[in-house]
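Notes for the one structure printed next.
The values are calculated or read from the model by the stated rules, or taken from the named source; none is laboratory data. Every value quoted in this text rests on a predicted model; they were computed, and no experiment measured them. So basically every Cβ, Gly included, is an ideal-geometry build from the backbone, and we count neighbours across all protein chains shown. In case anyone asks, the SASA skips ligands and DNA or RNA and just uses the protein heavy atoms, side chains included. Shrake-Rupley method; radii C 1.70, N 1.55, O 1.52, S 1.80 Å.
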Amino acid sequence: MKFRSLILLTIAILLVPATASAQLFGISEESTRNFQFELKFGTYTPEIDSEGVDAYSTIFDDESMFMSRIELDWQLYKGFGSVAIGGEIGYAQVTGKGVASGSSESSTDETQFKMIPMSLSLIYHLDIMALKWNVPIVPFFKGGIDYNIWWINDGLEETSTYTSTDSTTGEAQEFKGSGDTWGWHISFGVKLLLDIFAPQMAQTFDNEVGVNNSYLFVEYVMSEIDDFGSDKSFRLGDDNLMFGIAFEF
């Protein structure tokens, strides 16, 4: 009996430093992964002038908008990679000079084009290499529908209108200064898993905050936002790059 007690005591003594070492080096069970949050930024130039109307270049001198977006994804499947559905909302604006009424000359008044882009996407992350084999590269692909709310303010911060002559037909066209436009997008990119470079910090982040993985990423987006080909809508699509940080939890 004494010999059995001695064995149990020895095992307990050996397990104490092993447990302490596991806590010291962050070797513990990870939290579950159900969601991913993205914060991203980039430039965006809507294709308003792509059908022969020079409204955007005349007022905004083809200057790119600065766009920021947030996205929340819910993971539907986790196995050979992960499949998720995600919702996204953002904000973008650009400032230019208004056009004097009855002429093509720029006025001294500033005007702003503002946009709130929203989208719903189906998303695939090829993350098995990072999570199983410590290769910190995660390719991803997205596709879905878009809905953009936009408006143009004049120098008095009121919604404006703009009249332009079509370079092809010579007809004058008047554009109202607000609206909403539907469309679609596809995108692809790559994420860099940061946990591999600082595993102890990553484990602490997981234990204390619940963030399982952290990423830096770049995303190339191709969008067609013109009410699915309507000739009466602004063409607000663009091909652009977005850079951001993502947290999986």
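Remark: pairs (first residue in region 202-228, free of Cβ contacts under 8 Å to residues at least 12 places away in the same chain and farther than 13 Å from R33 by Cα; second residue open to solvent by less than 50 Å² (accessible area, probe 1.4 Å) and aliphatic (A, V, I, L, M); Cβ separation under 6 Å; 6+ apart in sequence or on different chains) = F205/V211. The lone criterion from (1) open to solvent by 40 Å² or more (accessible area, probe 1.4 Å); (2) more than 19 Å from I149 (Cβ to Cβ); (3) of a type in the set (A, V, I, L, M, F, W, C) left unmet by A84 is number (1).
Checked against the criteria, E219 does not count as over 17 Å from K142 (Cα atoms), of a type in the set (D, E) and out of contact with any Phe, Trp or Tyr (no Cβ under 7 Å at 6 or more places or on another chain).
Residues in region 203-232 that are surrounded by fewer than 17 Cβ atoms within 10 Å (Cβ to Cβ) and among the small types (G, A, S): G210, G229, S230. Somewhere in region 68-76, is a residue farther than 30 Å from I152 by Cβ and either open to solvent by 70 Å² or more (accessible area, probe 1.4 Å) or at pLDDT below 50 (or both)? So far as region 68-76 goes, yes, one or more of its residues are farther than 30 Å from I152 by Cβ and either open to solvent by 70 Å² or more (accessible area, probe 1.4 Å) or at pLDDT below 50 (or both).
Starting from region 117-143, take each residue that is open to solvent by less than 10 Å² (accessible area, probe 1.4 Å) and part of a helix (DSSP H, G or I) and list its partners that are charged (D, E, K, R) and modelled with pLDDT of 95 or more, counting only C-beta distances under 9 angstrom and pairs at least six apart or across chains. If the second residue must be charged (D, E, K, R) and modelled with pLDDT of 95 or more, the pairs left are A130/K191.
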